[in-house]
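All remarks here apply to the structure that follows.
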């Protein structure tokens, strides 16, 4: 059976698993849908692999060889195929555009659902399938030159459309209700609207009739400041410090929440604004030294040193 057939079958089984609604089948649904997407990607790499190259573009190991015409060629070696990171690398080098941010979100949902699944989080699976639908639809039409409806079959296509429409309607309702609350600015609101519940991993965060913030899927209740902080950490908290990246998010010296967004130069909970230039030496204050005194770390050190010497 071809890779493309395997991809379509995985997606079909994933949709069937979701419709069963049972806990184990919902978990199976996430695995099958994600596997189907990766198989679609691998099918494209097989299509682009030169003949007599042993499907070189989907193999993890590639070795040089000489053709019968004494020309250098590259051959796939072994049975191990490319992983998600390698697919992304090869697609980028081949100018094949994919919404990688959305795919990474799908993968995170898949991991969370598999490891922390609760019986109340069917909405998290619906979110994953809705995002997957968009990736599948766009990739089939843009890069496989096929009609997604015909390739997947009308029944499966209609199910995917319905799941996506249900999710989008629920998500819009959640966002509309979140907008009724007061926010420091749009960045705080957008961060919360993308937040995945720490209990069930659904992103359907809403406001009930009592103006309490709750997860629509599992009914987990959230304090607004806590939710802002957690959503900012989820969205901006990671940075590659080993690669020399600077943090985008730091602790606010005023409210002691991890809610000071550096590129906004503002705390999204209490509104504190910190100086970015030292009020003593006039130099830029490094992110790691930002504080509520308005001075850089070196000037603060000198000030404290001289004060101690005077005493």
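The values are calculated or read from the model by the stated rules, or taken from the named source; none is laboratory data. In this text the structure is predicted, and so the values were computed from the model without any measurement. Using ideal geometry, Cβ is built from the backbone for each residue, glycine included, and neighbour counts are taken over all protein chains shown.
Got a sec? Which of 26, 38 is surrounded by 17 or more Cβ atoms within 10 Å (Cβ to Cβ), modelled with pLDDT of 95 or more and assigned to a helix (DSSP H, G or I)? Lay out the reasoning, then the answer.
Numbers: 26 fails: modelled with pLDDT of 95 or more.
None of the other options fit; the residue is 38.
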Does region 42-63 include one or more residues that are at pLDDT 95 or above, touching a strand residue (DSSP E or B) at 6+ places or on another chain (Cβ under 8 Å) and either closer than 23 Å to residue 133 by Cβ or not in a helix (DSSP H, G or I) (or both)?
yes
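Results for (1) in contact with a strand residue (DSSP E or B) (Cβ under 9 Å, 6 or more places away or on another chain); (2) surrounded by fewer than 14 Cβ atoms within 10 Å (Cβ to Cβ); (3) not assigned by TED's automatic domain parsing to the domain that holds residue 298, shown as yes or no for each residue.
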{"residue": "215", "(1), (2), (3)": "yes, no, yes"}
{"residue": "247", "(1), (2), (3)": "no, no, yes"}
{"residue": "267", "(1), (2), (3)": "yes, no, yes"}
{"residue": "281", "(1), (2), (3)": "no, yes, no"}
Could you run through region 47-73 and say how many residues are in contact (Cβ under 8 Å) with a residue 24 or more places away in the chain and in contact with a helix residue (DSSP H, G or I) (Cβ under 6 Å, 6 or more places away or on another chain)?
4
In region 106-114, is there at least one residue being free of Cβ contacts under 8 Å to residues at least 40 places away in the same chain and either over 30 Å from residue 159 (Cβ atoms) or surrounded by 15 or more Cβ atoms within 10 Å (Cβ to Cβ) (or both)?
no
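Being in a loop (DSSP other than H, G, I, E, B), surrounded by 20 or more Cβ atoms within 10 Å (Cβ to Cβ) and touching a residue at least 60 places away in the same chain (Cβ under 8 Å) is the filter here; which residues of region 161-196 pass it? Before the answer, list the steps.
To start, the set of residues in region 161-196 that are in a loop (DSSP other than H, G, I, E, B) comprises 179-185, 194-196.
Add one more test, that the residue is surrounded by 20 or more Cβ atoms within 10 Å (Cβ to Cβ), and what stays is 195-196.
Selection gives 196 alone.
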So which of 125, 166, 161 ends up being within 20 Å of the chain's Cα centre (by Cα) and in the same structural domain as residue 91 (by TED's automatic domain parsing)?
125
